[in-house]
Amino acid sequence: MKKILILLLSISMFTACSDDDDDDASVEGNIVGTWLLVEANNVPGFTIDSCTGQSTITFNADNTASSTFYGEVEDQCVSDTDTGNWSNSSDSQYTIEIPGFGELTGTVVFSSESRFTFSPNDLPTSSLAFERN
């Protein structure tokens, strides 16, 4: 289950931004910054608690990103960091390449400038929500 969550976090980290060169910078402008994981829906065996609720994703304007995932290991809250790149494949569909997993696509929906939800296409009933930190 931890691998599924890390995969979802990695996917969302790399897919939740746009690299479009048009004048509409609202999505990219909204996403640049640090985001806190606040909700996990239908992710088997995972809930947000005082440890996992510290997990963050930082999106940079140069299409790079980094994440810090917190999880309990032997009753200790430990962190794991990752870095990567993001790109927009079309509208709200974002595609990334994660070493060991290949290319992944998902949908990003902004409910406000300070909140978005990521739903991977391969796991359509699962989603992760993030709020600006």
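Answer yes or no as to whether ASN42 is out of contact with any Gly (no Cβ under 7 Å at 6 or more places or on another chain) and at pLDDT 80 or above.
The answer is yes for ASN42.
Among residues belonging to the stretch 90-133 that are in a loop (DSSP other than H, G, I, E, B) and under 19 Å from THR47 (Cβ atoms), point out the one that is modelled with the lowest pLDDT.
If we take residues in the stretch 90-133 being in a loop (DSSP other than H, G, I, E, B) and under 19 Å from THR47 (Cβ atoms), then LEU123 is modelled with the lowest pLDDT.
Quick one: what pairs do we get from the stretch 45-68, first residue farther than 20 Å from GLY33 by Cβ and outside any loop (DSSP other than H, G, I, E, B), second modelled with pLDDT of 85 or more and of a type in the set (Ser, Thr, Tyr), C-beta under 8 Å, 6+ apart or different chains?
Close Cβ pairs (under 8 Å, with a partner that is modelled with pLDDT of 85 or more and of a type in the set (Ser, Thr, Tyr)) amount to THR52/TYR70.
The values are calculated or read from the model by the stated rules, or taken from the named source; none is laboratory data. Just so we're clear, the structure is a prediction, and the values are computed from it rather than from any experiment. Positions of Cβ are backbone-derived with ideal geometry, glycine not excepted, and every protein chain shown enters the neighbour counts.
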